[in-house]
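The values are calculated or read from the model by the stated rules, or taken from the named source; none is laboratory data. Computed from a prediction, not measured in an experiment: that's the story for all the values here. Positions of Cβ are backbone-derived with ideal geometry, glycine not excepted, and every protein chain shown enters the neighbour counts.
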Amino acid sequence: MSATITAAEINKLRQTTGAGMLDCRKALTESNGDFEAAIDWLRKQGQKVAAKRSDREAKEGVIFAKTSADNQTGMIVCVSCETDFVSKNAEFVAFTESIADAALANNVKSAEELNEVAINGTKIAELINDKLAAIGEKIAIKFVRVDAPFVASYIHGANRMGVLVAFNKNAGDAGRDVAMQIAAMNPLAVDETSIAPETIAREREIAIEQIKAEGKPAEMAEKIAVGKVNKFFKENTLMAQPFVKDNAKSVSDFLKSVDAELKVSEFKRVALG
């Protein structure tokens, strides 16, 4: 028995993928209502589907990315809200920054620990509740921490995105350049070894189905799929991406030009929208 597809489900798929209403209805029908399978079905038909990224947590809010004085710890604090009227308010921006500063000053390691930190004698959890009562909007905190021999930070778009990048040694100004790269190009991972095998297998399967849909034989599809997966790595892994400040070289090439031993171990990117 096939699942009943609702208008809300179709709309959600449209919002996520950018595909047309009829295509979304067919995708959900073919996938028996399975949302993830419907996304894959659309991609297998050759449709360009908008990337769904886990770093998009809230539509409105304020983000601060900061590093400790020794650049060995970085923290991102996002205080989300419901409207841009609140997020653009100078008092709300200052409120968020005060929480980020308190997180750094108290060497906070988790969101739970952050809630217990006091600012002027009042715990942050209580300050959040007070702010909620004052503005009448739902408010939530997202907290991210990175530790490394050197951490670079970057805030983009009027506090709508924050990036932290961990390096194995002092990266100097190159650290900010790489953080800006991550903000602009939104890679999935540092390199292809950092991407989950199931993600690679999924991309390969989708590539093969796309090629078959074009009428090419199965044996050719296997070979072309290898190229498509390599393209996926180039577009979605930081080290293989073209460097935004000089497209003639990759990010990996850029880092080698700065210091042959300089490496990125991890990064975090938190964005609104």
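Picking from residues in region 1-25 that are closer than 11 Å to ILE39 by Cα and modelled with pLDDT of 90 or more, the one that is surrounded by the most Cβ atoms within 10 Å (Cβ to Cβ) is CYS24.
Report yes if some residue within region 145-158 is assigned to a loop (DSSP other than H, G, I, E, B), surrounded by 15 or more Cβ atoms within 10 Å (Cβ to Cβ) and either of a type in the set (Gly, Ala, Ser) or touching a residue at least 24 places away in the same chain (Cβ under 8 Å) (or both); otherwise report no.
Yes: region 145-158 contains one or more residues that are assigned to a loop (DSSP other than H, G, I, E, B), surrounded by 15 or more Cβ atoms within 10 Å (Cβ to Cβ) and either of a type in the set (Gly, Ala, Ser) or touching a residue at least 24 places away in the same chain (Cβ under 8 Å) (or both).
Of the helices (runs of 4 or more DSSP H) lying entirely inside region 172-240, those carrying at least 3 residues that are out of contact with any Leu (no Cβ under 8 Å at 6 or more places or on another chain) and surrounded by fewer than 15 Cβ atoms within 10 Å (Cβ to Cβ) are 197-213, 218-236. I want to confirm something. Restricting to region 26-60 and keeping residues that are of a type in the set (Val, Ile, Thr) and either modelled with pLDDT of 90 or more or not in a loop (DSSP other than H, G, I, E, B) (or both), which single residue is nearest to LYS142 (Cα to Cα)? Step by step, filter region 26-60, then rank; the result is ILE39. Scan region 108-142 residue by residue and report those that are modelled with pLDDT of 95 or more, part of a strand (DSSP E or B) and either β-branched (Val, Ile, Thr) or within 25 Å of GLY172 (Cα to Cα) (or both). Scanning region 108-142 gives ILE119, THR122. For region 11-50, a residue qualifies if it is closer than 24 Å to ALA221 by Cα and of a type in the set (Lys, Arg), and the qualifying residues are ARG43, LYS44, LYS48. Farther than 30 Å from ILE39 by Cβ and among the hydrophobic types (A, V, I, L, M, F, W, C), is that true of ALA94? In short, yes.
Considering only residues of region 129-144 that are without any contact (Cβ under 8 Å) to a residue 40 or more places away in the chain and under 14 Å from GLY61 (Cβ atoms), which is surrounded by the most Cβ atoms within 10 Å (Cβ to Cβ)? Residue satisfying both the conditions and the ranking: LYS131. Within region 90-124, can you find the residues that are surrounded by 15 or more Cβ atoms within 10 Å (Cβ to Cβ), small (Gly, Ala, Ser) and in contact with a helix residue (DSSP H, G or I) (Cβ under 9 Å, 6 or more places away or on another chain)? Of everything in region 90-124, those that are surrounded by 15 or more Cβ atoms within 10 Å (Cβ to Cβ), small (Gly, Ala, Ser) and in contact with a helix residue (DSSP H, G or I) (Cβ under 9 Å, 6 or more places away or on another chain) turn out to be SER98, ALA102, ALA103. When GLU97 is tested against (1) over 15 Å from LYS142 (Cα atoms); (2) in contact with a strand residue (DSSP E or B) (Cβ under 8 Å, 6 or more places away or on another chain), just one condition goes unmet, and that condition is (1). Filtering VAL163, VAL144, VAL151 for residues that are in contact with a Cys (Cβ under 9 Å, 6 or more places away or on another chain) and assigned by TED's automatic domain parsing to the domain that holds LYS268 leaves a single hit, VAL144.
Would you please name the residue that is modelled with the lowest pLDDT, looking only at residues in region 66-100 that are of a type outside the set (A, V, I, L, M, F, W, C) and closer than 18 Å to ASP130 by Cβ? Let's see the steps before the verdict.
Taking region 66-100 as the starting set, the residues that turn out to be of a type outside the set (A, V, I, L, M, F, W, C) are 66-68, 70-74, 80, 82-84, 87-89, 91, 96-98.
Subset that is closer than 18 Å to ASP130 by Cβ: 80, 82, 87, 89, 91, 96-98.
Details: SER80: 93, GLU82: 90, SER87: 93, ASN89: 94, GLU91: 95, THR96: 97, GLU97: 98, SER98: 98.
Top of the filtered list is GLU82.
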